[in-house]
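The next block holds one structure in the form of structure tokens; read it before the comments.
Rule-based calculations on the coordinates, nothing more; no lab input. Model, not experiment: these values are computed from the prediction. FYI the Cβ positions are ideal-geometry reconstructions off the backbone, even for glycines, and counts take in every protein chain you see.
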Amino acid sequence: MNTYTVALQGRDEVADRTMAFHFDKPEGFAYKPGQAVDLTLPQQSGAEPQVHTFSLVSAPYQNELAIATRMRDSAYKRALRALADGAQLTLQGPSGSLTLSEKKIRPAVLLAGGIGITPFLSMLRQATHDASPRPLALLYSNRRPEDAAFLHELQQLAQRNPHMRLIATMTQMEQSRQPWDGDTGLIDAAKVKRAAEGYDDPIYYLAGPPGLVDFLRDLLEDAGVDEDDIRSEEFFGY
């Protein structure tokens, strides 16, 4: 992986306790939607370097790099939050193989839980920008609308992209303060079947907490999906 110095350009809240961080894009930095970077914070005197791997939510066509993360109470997240705009960080990458198949434009069914949406947002942004004819379905699970990072943008992408299908589901609406007229309940075989309806020979991509990814893999295999058509890796940035 190549190493770059990048400057923090800004940040914004994209869901409850979830923030996106925006960085300048180094000249010559090329990546595929779905790939990740290692981000090292400015080192304090005498302290060990703080590094974390994040999927990029930005798409390759954009002139910035961006990540998004739940702001948990960890030393890394506290230091990241405290950075001033303009702070210099070290970036290594890109890395990761959770990218869309290039052999042929097979339909893709993206199954995401929570902040697992990050690699898929990059894919969907790029596909919409490119007017790609690849059929894309996103099944996106969160506890509440308040927790669903980038939900409004995803709804807009689904309106703009005639080849994109979006199914968002909420699992704990009794704890929400916002209205929701979409799907509710956990991802199950029926929801996955609806997401892939009409697709010929789709590939399934999984991202989210390890427990959810394991559950989804078992669900797909029980439904007869070939293991070669299921792609996931340890989720970056959760």
(request) Sort the range 68-144 into rounded, prolate or oblate with this rule: let a ≥ b ≥ c be the square roots of the eigenvalues of the Cα gyration tensor; rounded if a/c is under 1.5, and if a/c is not under 1.5, prolate when a/b is larger than b/c, oblate otherwise. (result) prolate
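Looking at this model, which pairs from LYS25/LYS193; LYS32/LYS77; LYS103/LYS193; LYS77/LYS193 are more than 30 angstrom apart at the alpha-carbon?
Details: LYS25/LYS193 39 Å; LYS32/LYS77 26 Å; LYS103/LYS193 24 Å; LYS77/LYS193 37 Å.
Among LYS25/LYS193; LYS32/LYS77; LYS103/LYS193; LYS77/LYS193, the Cα-Cα distance tops 30 Å for LYS25/LYS193; LYS77/LYS193.
Could you work out the relative contact order of the chain, using alpha carbon pairs under 8 angstrom and six or more residues apart, expressed as a whole percent?
Details: 495 pairs, mean separation 49.1, N = 238.
That works out to 21 percent.
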(request) Based solely on C-alpha atoms, express the radius of gyration and the Dmax of the range 135-238 in angstrom. (result) 14.0, 41
(request) Obtain the nm distance between the two label points defined at ALA87 and GLU102 by a simple spin-label model: each point lies 7 Å from its Cα along the Cα-to-C-beta direction. (result) 3.5 nm
(request) May I ask you to list the trypsin sites (Lys or Arg not before Pro) in the range 57-124 that are in a DSSP loop and have at most 16 other Cβ atoms within 10 Å of their Cβ? (result) ARG72, LYS103, LYS104
(request) As a check on your grasp of the helix formula, calculate [θ] at 222 nm for the chain: sum -39500 (n - 2.57) over DSSP H runs of n ≥ 4, divide by the residue count, round to the nearest 500. (result) -6500 deg cm²/dmol
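Once fully extended, how much extra length lies between MET1 and HIS129, figured as 0.36 nm per residue of separation less the alpha-carbon to alpha-carbon distance?
Numbers: separation 128, 0.36 × 128 = 46.08 nm, distance 2.69 nm.
Result: 43.4 nm gained on full extension.
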(request) Compute the length gained on full extension between MET173 and GLN43: take 0.36 nm times their separation in residues and subtract their Cα-Cα distance, giving the result in nm to one decimal. (result) 42.6 nm
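Tally the DSSP beta bridges in the chain and give the antiparallel ones as a percent, rounded to 5.
Details: 28 of 50 bridges.
Antiparallel: roughly 55 percent of the beta bridges in the chain.
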(request) In vacuum, with every alpha carbon of the range 2-95 counted as one equal point scatterer, what does the Debye formula give for log10 I(q)/I(0) at q = 0.18, 0.19, 0.26 Å⁻¹? Two decimals, please. (result) -0.79, -0.89, -1.65
(message) What whole-number distance in Å separates the alpha-carbon centres of the range 76-137 and the range 1-36?
(response) 10 Å
(message) Here are a few candidate values for Rg and Dmax of the Cα atoms in Å: [x] 18.1, 54; [y] 22.5, 73; [z] 17.8, 58. Which one was actually calculated from the structure I just gave you?
(response) [z]
